[in-house]
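Quick notes on the structure that follows.
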Amino acid sequence: MTISSMKKAMRKQTADVLKSLQRSAVSAQSAAVLAQLATVPAYTRARSASVYLPMDGSSEVDTWPILAALLSRGVTVAVPRVAGPKPGDMRMLRVSSYEEAAALPRTKWGIPEPDEAQAARMEDMTGAAFDLLLVPGVAFDARCNRLGHGRGYYDCFVSRQRALERRAGSPSPQLTVIGLGLTPQLGETVP
């Protein structure tokens, strides 16, 4: 079996399990994720963060309470906007309030995301260095491997962030990347 076919099979298997999750389970596990984050120094000390916004009605970590908590602490927060099909086409745009984020239009997949006109009015932080990236995924394992949806947007963004750190000559990494997932998304091995 090739890596590509293993990834495809894991995506399907995980999606099937997530479909069966009750909304109450997603809510409870999302609250547990926020409680766990509150114990992570990289989260509690972050001054700038990128956080994805969840698809409406999906079985993924609900990041709305995380967004609210970050903004209430005065953290500079950016949300993604996919501007094209290439992995480098994801932009990070600053949101100034929870209300601004909640009012974002939904994409055809139900993802809250600034449209082109809104994006033009928002601060583009794509080239800024972040302290914290909270990223989605399909599956994760204990060795910090992440299986995404296969488009490479986050892989590319994380690589650019690491390159910014290297260019800045930081003696130790300042960026922390945390994948957020529900229990069915945690596996023994992610290809």
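Structure notes:
- Subset of region 25-43 that is in contact with a helix residue (DSSP H, G or I) (Cβ under 8 Å, 6 or more places away or on another chain) and part of a helix (DSSP H, G or I) - its residue that is surrounded by the fewest Cβ atoms within 10 Å (Cβ to Cβ): Ala31
- Residues (touching a Leu at 6+ places or on another chain (Cβ under 6 Å) and open to solvent by 30 Å² or more (accessible area, probe 1.4 Å)) located in region 60-82: Pro65, Arg81
A quick yes/no check of all residues on (1) closer than 20 Å to Asp62 by Cα; (2) surrounded by fewer than 19 Cβ atoms within 10 Å (Cβ to Cβ); (3) touching a residue at least 24 places away in the same chain (Cβ under 8 Å):
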| position | (1), (2), (3) |
| --- | --- |
| Gly110 | yes, yes, yes |
| Asp124 | no, yes, yes |
| Phe130 | no, no, yes |
| Leu186 | yes, yes, yes |
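- Scanning region 9-24 for residues that are without any contact (Cβ under 8 Å) to a residue 40 or more places away in the chain and part of a helix (DSSP H, G or I) yields Ala9, Lys12, Gln13, Asp16, Arg23, Ser24.
- Members of region 164-187 found to be modelled with pLDDT under 90 and not polar (S, T, N, Q), listed by number: Leu164, Glu165, Arg166, Arg167, Ala168, Gly169, Pro171, Pro173, Gly187
- Subset of region 132-157 (residues that are in contact (Cβ under 8 Å) with a residue 60 or more places away in the chain, under 20 Å from Ser59 (Cα atoms) and of a type in the set (Gly, Ala, Ser)): Ala139, Gly150
- Residue in region 53-61 that is in a loop (DSSP other than H, G, I, E, B), at pLDDT 95 or above, among the charged types (D, E, K, R) and out of contact with any strand residue (DSSP E or B) (no Cβ under 7 Å at 6 or more places or on another chain) present: no
- Residue list for region 120-169, restricted to those being over 22 Å from Gly84 (Cβ atoms), outside any loop (DSSP other than H, G, I, E, B) and among the acidic types (Asp, Glu): Asp141, Glu165
The values are calculated or read from the model by the stated rules, or taken from the named source; none is laboratory data. The shown structure was predicted, so the numbers you read here are calculated from the model rather than taken from an experiment. Cβ: placed from backbone, ideal geometry, glycine included. Neighbour counts: every protein chain shown. Areas reflect the complete protein model, heavy atoms only, side chains present, ligands, DNA and RNA absent. Shrake-Rupley method; radii C 1.70, N 1.55, O 1.52, S 1.80 Å.
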